[in-house]
Each structure stands twice: as structure tokens, then as C-alpha cells.
1. Length gain on complete extension for the stretch ASP83 to TYR5, per 0.36 nm per residue less the alpha carbon to alpha carbon distance?
2. If you fit an axis through the alpha-carbon atoms of helix 83-103 and take the longest principal axis of the Cα set of the chain, what angle between them do you get, 0 to 90°, nearest 10?
3. Would you please put 32-42, 13-23 in order of how densely packed they are, using the mean number of other Cβ atoms within 10 angstrom per residue and starting with the highest?
4. Taking the solvent-accessible surface of protein heavy atoms with a 1.4 Å probe, what is the per residue accessible area of the stretch 27-104 in Å²?
5. Which whole-Hz ³J(HN,Hα) couplings does the stretch 16-27 yield from phi under the Karplus relation 6.51 cos²θ - 1.76 cosθ + 1.60, θ = phi - 60°, glycine and proline marked x?
6. Would you please classify the overall shape of the chain from the alpha carbon gyration tensor, given that a ≥ b ≥ c denote the square roots of the eigenvalues, rounded means a/c under 1.5, and beyond that prolate means a/b larger than b/c while oblate covers the rest?
7. How much length would be gained if the chain were fully extended between SER56 and ILE37, taking 0.36 nm per residue of separation minus their Cα-Cα distance, in nm to one decimal?
Amino acid sequence: MNVEYINPFLMSTQNVITTMAFMKIDAGTPHLNRTNITQGVLTGVIGLAGPDVNGSVIISFTKQAILEIVSGMLGEQFDEITDDVEDAVGEITNMIVGGAKRVL
């Protein structure tokens, strides 16, 4: 995987979480998932297609991570996965991909 494709998503993820959830995050080491199994309990998926790229962006959240992010975004404490938390995963994924596309 070309770092020119990865870095915009890392930067956009940090920007979205910092701006929308008022949290400072640090990126771990990115890796390709060579299976069809996501690592988290909630996952956002967006397809990308264009002249130079064709694929999917899959962003998966652990329960703890998404509950903290959504609590920060909505200004109320979430301790369990609710419809609002599930909806937020889609919105977060859209914002991350939109930010990365602007850079790409």
C-alpha cells in the first residue's frame, strides 16, 4: 500500500476526532487487514472509485473507542451502543473519507 494513500486518511482521522470529539489521538502503526474480519464492534464502509483508484475504506471501532468518541461529540455519556452511536459511525466515516479525498 502506497503511503501517499494512507497518510491522508490518518491525517483526516486525527482531524475529525480532534475537532468533533474534542479528543487528542495518536495514530498507531497502520496495517492492511488481509481477512474479511473487522477488528472492532462497529464498522463504517465507504467505496471509492475513480480513474486512479478503486476500493473501499473500512473504519472499525472498538466499543470503548466509539463510546468515548461519541460521548465527546454529542456532549453526553454513552455507556452502551445505541442507535445514536451506530449513526455516528457512519457520520464519522463520511467525514474522514471526505477529508482524505480533499487531500488526495
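1. Details: separation 78, 0.36 × 78 = 28.08 nm, distance 3.14 nm.
Gain in length upon complete extension: 24.9 nm.
2. The answer is roughly 30 degrees.
3. Values: 32-42: 11.2, 13-23: 16.5.
Top of the packing list down: 13-23, 32-42.
4. I get 67 Å² per residue for this part.
5. Per-residue couplings from phi come out as 5, 5, 5, 6, 8, 10, 6, 10, 8, 10, 10, 6 Hz.
6. prolate
7. Stretched fully, the SER56-ILE37 segment lengthens by 5.4 nm.
The values are calculated or read from the model by the stated rules, or taken from the named source; none is laboratory data. Please read these numbers as outputs of a predicted model, since none were measured by experiment. Because the Cβ atoms are built from the backbone with ideal geometry, glycine has one as well, and the counts that use them run over all protein chains shown. Quick note on the areas: whole protein, heavy atoms, side chains included, nothing else; ligands and nucleic acids left out. Shrake-Rupley method; radii C 1.70, N 1.55, O 1.52, S 1.80 Å.
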